[in-house]
Amino acid sequence: MSHQFSAMLRIAIQSKGRLHDDTISLLREADIKIRESKRTLLVQASNFPVEALFLRDDDIPETVATGVADVGIVGLNELEEKGADCEIVRHLGFGACRLSLAVPKEEAYSGPQWFNGKTIATSYPAILRRYLKQQRLTATIHVISGSVEISTGVGLADAIFDIVSSGSTLVNNNLREVETVMQSDAVLVARKNLEPEKRAVLNEMLFRFDAIKNAETKKYVLLNAPAEKVDEITALLPGVKSPTVMPLAESGWCSIHTVIDEDRFWELIGKLKAAGAQGILVMDIEKLIA
Ligand code: PRT
Ligand code: ZN
């Protein structure tokens, strides 16, 4: 397949950490196979014109903005913090989290003005500085690179600004989330002004990513119905287009095939049964090209 492309696209990927596995699985589902080796920084895919550059997430935005890599997968929080000039091509949905301000749980928190004159520990000073400015707050930012959540307990700061996902780290450190400053997930970013030959490779990759994403929330449904109920049942099914209806060997019965949204599944299933559907079979879809 790679013979139709004349360029190699270099993608920056987190070498280890929270985004690594989901990134590799997304590429694998898109049939872009990257053999990982602990020693190699740059690995070419075996069956697609892509080479992966393994980096720390902190270095990905700059690497893409400066053209050392063409595209990259990184948390939106990291991209915003570094202020790198990249194009956000897709939100990928995994690595979801938020950047929030948290205070010791016994504090009487009345609103953002609580932060005036306080010290806030964080690894995201640029995003925090922007928020404080926008809210016209005067707090001191104390930059630390890890274990931000223990800062208040050891008297290093009055509050923290950090990544929250389940919230259990805050609870374990007697902290309370009081302001959510930004929502984040992993994003696919591209260097601005990518050459057309590289853009073509990126477009093929996007086509595959989109097919995977479309399939994620859909189910393939097969069911049997008495012939006289087919109209009533098909009227209930939204389908990608219209459902496929095929006669069964047993006369007077049909098989109906369609694709439905996962979130509508339980609501529909009761209605389908009530309308006479039987032998309802639900299957995952791997890829869906609309
Ligand atoms: O080594 P490298 O520099 O590449 O990795 P890293 O240690 O800087 O980052 P890593 O791998 O921890 O996170 C990479 C990205 O994952 C982040 O930039 C976010 O975009 C995203 N992400 C999603 C998270 C979390 N969820 C998350 N929960 N990053 C960090 N956390 C930490 C958070 O810092 C806090 O300590 O988990 C704790 C909170 O989790 P909960 O579930 O207790 O709220
Ligand atoms: Zn990092």
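The values are calculated or read from the model by the stated rules, or taken from the named source; none is laboratory data. If you're wondering where the values come from, they're calculated on a predicted model, not measured in any experiment. For neighbour counting, all protein chains shown are included, and Cβ atoms are generated from backbone atoms with ideal geometry for every residue, glycine included. The area values use the complete protein model at the heavy-atom level, side chains included, leaving out ligands, DNA and RNA. Shrake-Rupley method; radii C 1.70, N 1.55, O 1.52, S 1.80 Å.
For the range 1-114, the share of DSSP beta bridges that are antiparallel, to the nearest 5, is 25%. Put MET205, MET8, MET182 in order of accessible area, highest first, and with a 1.4 Å probe you get MET8, MET182, MET205. Taking amide H as placed 1.01 Å from N in the peptide plane, the amide H of ARG90 sits under 5 Å from that of LEU188, each at least 5 places away or on another chain. Inter-part distance, the range 220-290 to the range 1-64, computed on C-alpha centroids, equals 40 Å. The packing ranking, built from the mean of other Cβ atoms within 10 Å per residue, places the peptides 226-232, 55-61 in the order 55-61, 226-232, highest first.
Does the range 33-152 come out rounded, prolate or oblate, given a ≥ b ≥ c as the square roots of the eigenvalues of its C-alpha gyration tensor, rounded meaning a/c under 1.5 and, failing that, prolate meaning a/b above b/c? Taking the square roots of the gyration eigenvalues as a ≥ b ≥ c, the range 33-152 is prolate.
Accessible-area rank, largest first, for VAL43, VAL245: VAL245, VAL43, with all protein chains present and a 1.4 angstrom probe.
Can you bin the chain into rounded, prolate or oblate? Criterion: square roots of the alpha carbon gyration tensor eigenvalues sorted a ≥ b ≥ c, rounded for a/c under 1.5, prolate for a/b above b/c, oblate for the rest. Oblate. Take every Cα pair under 8 Å whose residues are at least 6 apart in sequence, average their separation, divide by the length of the range 1-80, and the relative contact order is 39 percent.
Seen against the Cα atoms of the chain and their longest principal axis, helix 265-274 is set at about 20 degrees. The listed peptides 13-21, 71-79, ordered by packing as a protection proxy, come out as 71-79, 13-21 (highest mean of other Cβ atoms within 10 Å first).
For the chain, the relative contact order works out to 19 percent when only alpha carbon pairs closer than 8 Å and six or more residues apart are counted.
Rounded, prolate or oblate: which fits the range 224-290, taking a ≥ b ≥ c as square roots of the Cα gyration tensor eigenvalues, rounded meaning a/c under 1.5, else prolate when a/b beats b/c? It comes out prolate by the Cα gyration axes. Here the label points at LEU281 and LEU222, each 7 Å from Cα along the C-beta direction, are separated by 0.2 nm in the simple model. By accessible area, using a 1.4 Å probe on protein heavy atoms only, the chain has 49% of its surface on carbon and sulfur. Restricting attention to the chain, close to 75% of DSSP beta bridges with both partner residues there are antiparallel. Full extension of the chain between GLU250 and LYS271 yields a length gain of 5.2 nm, computed as 0.36 nm times the residue separation minus the alpha carbon distance.
Site pair ARG199 and GLN4 shows an inter-label distance of 1.8 nm when each label is modelled 7 Å from Cα along Cα→Cβ. Normalising the Debye intensity of the range 111-192 to I(0), with uniform scatterers on Cα atoms only, and taking log10 at q = 0.11, 0.16, 0.19, 0.26 Å⁻¹ returns -0.31, -0.63, -0.86, -1.45. The antiparallel fraction among DSSP beta bridges confined to the range 72-167 stands at about 40%.
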